Amino acid sequence: AAIGGHPDARHNLAIVEGKSGRYERAMKHDIVAANLGHDISLERVIEGFKAGFVSKEDFAATLRAHQAAVDATKSAQREEAEAGRRVM
């Protein structure tokens, strides 16, 4: 699933790699997941940037890609459905 581009699978791999002490590899998985719009991975990339595991260039690129992925999933129809769920 991770190879197929599933953000949750990439995030899970990042957690496993981090627990194994392979922080740079974990950050690579989180960067890919964040690029696909995964919010928790983006938070982890921010933490990784602050800790020095993510370069300024990679961090900036990840922020742009995450925003583009989030924007791509927005539509009037989705927003109406979300508003309908909040009423219930």
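Data for the structure
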| read-out | value |
| --- | --- |
| Cross-link partners of Lys56 among lysines (Cα-Cα below 26 Å; sequence separation of 8 or more within a chain) | Lys19, Lys28 |
| From the C-alpha gyration tensor of the chain, square roots of 5λ in Å | 27, 15, 11 |
| Computed over the chain: relative contact order in percent, which uses C-alpha pairs under 8 Å that are six or more apart | 22 |
| Segment 37-88 - Rg (one decimal) and Dmax (whole number), Cα, Å | 14.9, 44 |
| In nm, spacing of pseudo-spin labels at Thr73 and Ala51 (7 Å Cα→C-beta vector) | 2.4 |
| DSSP-loop trypsin sites (Lys or Arg not before Pro) across segment 34-88, with at most 16 other Cβ within 10 angstrom | Lys74 |
| Given charges at Cβ of Lys, Arg, Asp, Glu: the chain dipole, positive-most of His66, Phe53, Ala81 | Phe53 |
| Point-charge dipole on Cβ atoms (K/R +1, D/E -1) for the chain, about Cα centre, debye to 20 | 160 |
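Readers should treat all values here as calculations from the given coordinates under stated rules, not as data from a laboratory. Only a predicted model underlies this, so the values are computations on that prediction, with no experimental measurement involved. Glycine gets a Cβ as well: all are built from the backbone with ideal geometry, and neighbour counts include every protein chain shown.
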